[in-house]
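This report refers to the structure that appears directly beneath it.
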Amino acid sequence: MFDIPAGTSRGRSIAHAARRQLPALADTGSDEEHLSAAIEWLFRSQDATGGGGSAATYNLLLGWEAPYPETTGYVIPTLYAYADDYPESDASDRATAMAEWLLTVQRDDGSFPEGTGERGDPNVFNTGQAVFGLVEAYRRTGEEAYADAVRAACDWAVVAQDDDGAWRQHDYEGEVHAYATRVAWALLEAASVLDDRAETYRDAARRNLEWALERRRSNGWFENAAFVAGDDPDLHTIAYTIRGLLEGGVRLDDDELVDAARGSADVLLELQRRTGPLSGTYDADWGGTWYRCLTGNAQMGLVWLRLYELTGEAEYAMAARTAAEFLKRHQSLDGPVPVRGAIPGSYPHVGSYLYLRYPNWATKFFADLLAGLAAVSPSEAGGEASEGDEGTATAEATAATGEGTATAETTATKWETATTEAAAVAADAPLRVCLLFDGEHTERWVADAIETMLAETNAEISLVVINEDAGLLGSGNVKRGLKYPAYAAYWLASALRPRRSASERYDDSVHVSEIAQVDDAEGLRTYPTNVSGLWNELPEEVVSEIGARSDVVFRRGFGLVRGSLLSATEHGVLSYHHGDPRAYRGGPAGFWEYMHGEETAGTIVQSLTDDLDAGVVRSYRDVDIADCDTLDEVRRALYEGSTGQLAEAIEAVQDAGREPMVVDDLGPVYHPPDLGELAAYARKRFR
């Protein structure tokens with residue numbers, strides 16, 4: 001094992017990894033920051049071996065492992081692609097050094113060795129992955145040594161292939177694997193640079209892809225996709241299989257292959273939409289397991305992004321963005337050097353896939369995903385892709401000859417066309433309302449407010465957006481808890497206190513599917529992007545979808561929101577505030593009015609702005625709290641008394657002639673109480 005650096009650094013890495021099992025403590029930043037951190041870690045994985053190849057993993061217990069020919073092969077295109085965007089980096093030189101190292105470990109028969117290190121028995125899958133790097137090195141440098149290495153590797157793979165297209169020799173555990181579609185893809189890459197072998201390699205690739213297609217069941221699941229026969233396949237190898245079919249179908253202009261890959265990818269997209277981040281393994285009925293395979297989530301993000309390039313369907317770009325935001329919460333930007341910038345194999349770390357390790361391929365696929373999103377995502381300015389970028393999902397696709405890829409201009413045009421078509425509605429159609437929720441539950445008074453709105457106005461639920469970073473240990477709660485620890489302790493104790501009555505309460509938890517129309521509406525899951533402190537934005541892909549499908553947003557999740565979401569729809573973002581903004585901005589709801597002995601309290605539904613509780617008021621009510629003896633009674637009066645205000649606000653935004661209430665003289669901003677203020681509350685409460 002390689003161990004650079006060792007000792008106390010390894011101990012700090014273990015402690016850091018343990019702390020980061022709570023994703024809410026993640027130090028998420030921009031895509032560019034995360035991409036840079038990933039590339040820097042790949043650089044360190046190369047430095048750790050001292051020989052040009054990239055270390056297979058950083059093991060929290062054992063340190064750096066030996067270099068891995070297989071994954072070094074497909075890290076090479078990632079570094080070359082990064083160098084295109086960041087020519088000042090030494091990514092290109094490092095990629096070439098990796099390719100030179102591959103030449104030194106290639107066996108005399110043309111194959112590449114199994115496992116890590118520089119020696120070993122021949123392995124067909126590892127050979128195919130090394131081909132990706134050698135092909136790209138040849139494209140970049142023109143050095144014939146790389147072309148010769150590609151020819152030797154692919155000739156060996158063709159000879160080793162059985163007549164039906166499968167590889168039964170020289171693969172992991174001596175078994176046949178559906179995920180060898182990535183070997184077929186590699187052969188097609190080789191065919192693009194070796195004209196004298198193109199027909200032979202394309203024929204071999206087609207035979208394997210057709211064999212793999214026979215392993216696909218009607219529900220999209222693949223037989224023989226696991227490392228070991230009889231096991232449930234990892235998401236990692238399922239994604240390998242799908243990607244190989246997809247890229248093979250594109251390069252062979254075979255719609256059957258592309259459609260099969262898309263069908264399986266759609267199953268996983270629906271699973272992500274319904275259950276959140278994808279599982280570590282899946283059985284034949286698509287039943288998952290208890291942990292997440294982070295590598296596979298990155299790979300599926302790339303598959304969806306590639307499908308977005310090919311189809312222009314925005315749901316694929318959103319699924320890719322959701323995967324990226326999930327993964328960003330598991331990559332450290334400020335941890336100890338050995339783990340900074342790396343992606344773990346599993347979440348939690350003790351999950352069965354590469355437990356306690358940071359594999360270089362997880363970080364490679366994550367870097368490709370971020371680079372691909374930068375090339376196709378609409379900008380904050382107006383939905384155009386980043387200038388000068390090509391719309392490829394990965395560095396591997398960038399390395400291709402251009403078959404089946406789309407430019408940023410094309411993908412941006414597709415996005416704008418889809419958005420325009422979706423936004424075209426009849427003038428007398430119901431007002432389309434997008435709901436923002438934290439997780440899959442809300443409070444009873446919120447459900448009542450939505451159902452009242454649906455009953456009393458010409459409105460419908462068009463989209464439901466779930467905040468995946470929610471719950472007791474979501475980042476919003478954790479950040480507020482760290483900022484206001486005394487109130488967090490009080491809030492937690494109150495939440496855990498047993499109910500004194502079995503009757504329904506205003507703050508009972510209600511699953512969002514129980515709300516009228518919600519279960520039938522389109523839904524998606526995403527993560528907020530932190531802006532500053534407790535303020536959040538939504539990813540631009542999600543904002544674009546909200547703008548295309550909705551006329552107004554009702555916010556009951558994602559904390560304090562700002563940014564492009566506020567202007568994405570015709571009528572902006574509506575949000576409750578249980579307080580009169582002329583006197584009580586901030587919160588907690590009803591607390592300061594109770595402490596100050598107020599006899600009335602205001603409740604509003606406002607159109608949000610970038611300033612706290614400073615938007616125009618669409619509905620205002622005074623609530624009598626003079627007879628409320630406890631804070632809970634105050635809150636019950638405020639929440640139950642405000643359920644009809646959402647309907648009033650919807651009617652207000654639809655009535656162009658109605659003047660909204662504008663508060664020019666805003667009151668002070670209140671914050672959750674500190675320990676001394678809570679002590680004063682306790683004295684008042686029990687007096």
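For region 16-51: of the residues being of a type in the set (Val, Ile, Thr) and surrounded by 22 or more Cβ atoms within 10 Å (Cβ to Cβ), which is farthest from Arg94 (Cα to Cα)? Result: Thr49. The test for being of a type outside the set (Gly, Ala, Ser) and without any contact (Cβ under 8 Å) to a residue 60 or more places away in the chain does not hold for Leu294.
Yes or no, residue by residue, for (1) touching a helix residue (DSSP H, G or I) at 6+ places or on another chain (Cβ under 8 Å); (2) closer than 30 Å to Lys328 by Cβ:
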{"residue": "Glu537", "(1), (2)": "yes, yes"}
{"residue": "Glu570", "(1), (2)": "no, no"}
{"residue": "His578", "(1), (2)": "yes, no"}
{"residue": "Gly602", "(1), (2)": "no, no"}
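Residues of region 669-682 that are closer than 16 Å to Asp632 by Cα and either aromatic (Phe, Trp, Tyr) or not assigned by TED's automatic domain parsing to the domain that holds Glu593 (or both): Tyr681 alone.
Could you list, in sequence order, all residues of region 645-687 that are in contact (Cβ under 8 Å) with a residue 40 or more places away in the chain and assigned to a loop (DSSP other than H, G, I, E, B)? It would help to see each step written out before you state the result.
Keep residues of region 645-687 that are in contact (Cβ under 8 Å) with a residue 40 or more places away in the chain, which gives 645-651, 653-654, 660-663, 665-675, 677-678, 680-681, 684-685.
Hits for region 645-687 are Pro660, Val662, Val663, Asp665, Leu666, Gly667, Pro668, His671, Pro672, Pro673, Asp674.
So which residues in region 606-625 are assigned to a strand (DSSP E or B) and either within 19 Å of Pro588 (Cα to Cα) or over 31 Å from the mean Cα position of the chain (by Cα) (or both)? Let's see the steps before the verdict.
First, pick out the residues of region 606-625 that are assigned to a strand (DSSP E or B): 606-607, 617-624.
Answer for region 606-625, where residues must be assigned to a strand (DSSP E or B) and either within 19 Å of Pro588 (Cα to Cα) or over 31 Å from the mean Cα position of the chain (by Cα) (or both): Gln606, Val617, Arg618, Ser619, Tyr620, Arg621, Asp622, Val623, Asp624.
A Cβ distance below 7 Å, combined with a sequence gap of six or more or placement on separate chains, defines the contacts here; from region 480-491, residues that are farther than 15 Å from Leu25 by Cβ and surrounded by 13 or more Cβ atoms within 10 Å (Cβ to Cβ) reach residues that are aliphatic (A, V, I, L, M) and modelled with pLDDT of 90 or more in the pairs Ala486/Leu675; Ala486/Leu678; Tyr487/Leu678; Tyr490/Leu678.
Among the numbered criteria (1) more than 25 Å from the chain's Cα centre (by Cα); (2) surrounded by fewer than 22 Cβ atoms within 10 Å (Cβ to Cβ); (3) farther than 19 Å from Arg658 by Cα, which one does Val561 miss? If we test Val561 against (1) more than 25 Å from the chain's Cα centre (by Cα); (2) surrounded by fewer than 22 Cβ atoms within 10 Å (Cβ to Cβ); (3) farther than 19 Å from Arg658 by Cα, just (1) comes out false.
In region 510-588, counting only strands (runs of 3 or more DSSP E) that sit wholly within it, the ones holding 2 or more residues that are closer than 19 Å to Ala470 by Cα and modelled with pLDDT under 95 span 522-526, 529-532, 535-537. Is one or more of the residues making up region 498-508 in contact (Cβ under 8 Å) with a residue 24 or more places away in the chain, assigned by TED's automatic domain parsing to the domain that holds Glu648 and out of contact with any strand residue (DSSP E or B) (no Cβ under 8 Å at 6 or more places or on another chain)? Yes, the conditions are met somewhere in region 498-508. Residues of region 576-604 that are buried (at least 21 other Cβ atoms within 10 Å of the Cβ) and among the polar types (S, T, N, Q): Thr603 alone. Please go through region 20-48 and give me each residue that is closer than 22 Å to Tyr347 by Cβ, among the charged types (D, E, K, R) and at pLDDT 80 or above, ordered by number. Hits for region 20-48 are Asp31, Glu33, Glu40, Arg44. Within the option set Glu88, Glu100, being surrounded by fewer than 22 Cβ atoms within 10 Å (Cβ to Cβ) and either among the basic types (Lys, Arg) or farther than 24 Å from Ser36 by Cβ (or both) holds for one residue only, Glu100.
Please pick out the residue among Ser279, Ser264 that is in a loop (DSSP other than H, G, I, E, B) and hydroxyl-bearing (Ser, Thr, Tyr).
Just a single option satisfies the conditions, and that option is Ser279.
Quick one: would you say Ala649 is modelled with pLDDT of 95 or more, farther than 20 Å from Gly615 by Cβ and surrounded by 11 or more Cβ atoms within 10 Å (Cβ to Cβ)? No: the conditions fail for Ala649. Taken together, the residues in region 580-600 that are within 20 Å of Arg683 (Cα to Cα) and in contact with a helix residue (DSSP H, G or I) (Cβ under 8 Å, 6 or more places away or on another chain) amount to 7. Residues being out of contact with any helix residue (DSSP H, G or I) (no Cβ under 9 Å at 6 or more places or on another chain), under 28 Å from Val105 (Cβ atoms), of a type in the set (A, V, I, L, M) and assigned by TED's automatic domain parsing to the domain that holds Asp93 are represented in region 40-53 by at least one member.
Which residues, taken from region 609-626, are farther than 16 Å from His596 by Cβ and acidic (Asp, Glu)?
Applying the first criterion (farther than 16 Å from His596 by Cβ) to region 609-626 yields 609-621.
Residues satisfying the conditions are Asp610, Asp611, Asp613.
Of the residues Ser54, Ser13, only one is closer than 16 Å to Gln331 by Cα, buried (at least 23 other Cβ atoms within 10 Å of the Cβ) and out of contact with any Asp or Glu (no Cβ under 9 Å at 6 or more places or on another chain); which? Spell out how you get there, then give the answer.
Working: Ser54 fails: closer than 16 Å to Gln331 by Cα.
The match here is Ser13.
Where helices (runs of 4 or more DSSP H) fall entirely within region 1-99, those with at least 2 residues that are free of Cβ contacts under 8 Å to residues at least 12 places away in the same chain are at 8-19.
Scanning region 399-456 for residues that are assigned to a helix (DSSP H, G or I), modelled with pLDDT of 50 or more and within 25 Å of the chain's Cα centre (by Cα) yields a count of 0.
The values are calculated or read from the model by the stated rules, or taken from the named source; none is laboratory data. These figures come from a predicted structure and were not determined experimentally. As a convention, Cβ positions derive from the backbone with ideal geometry for all residues, glycine included, and neighbour counts pool all protein chains shown.
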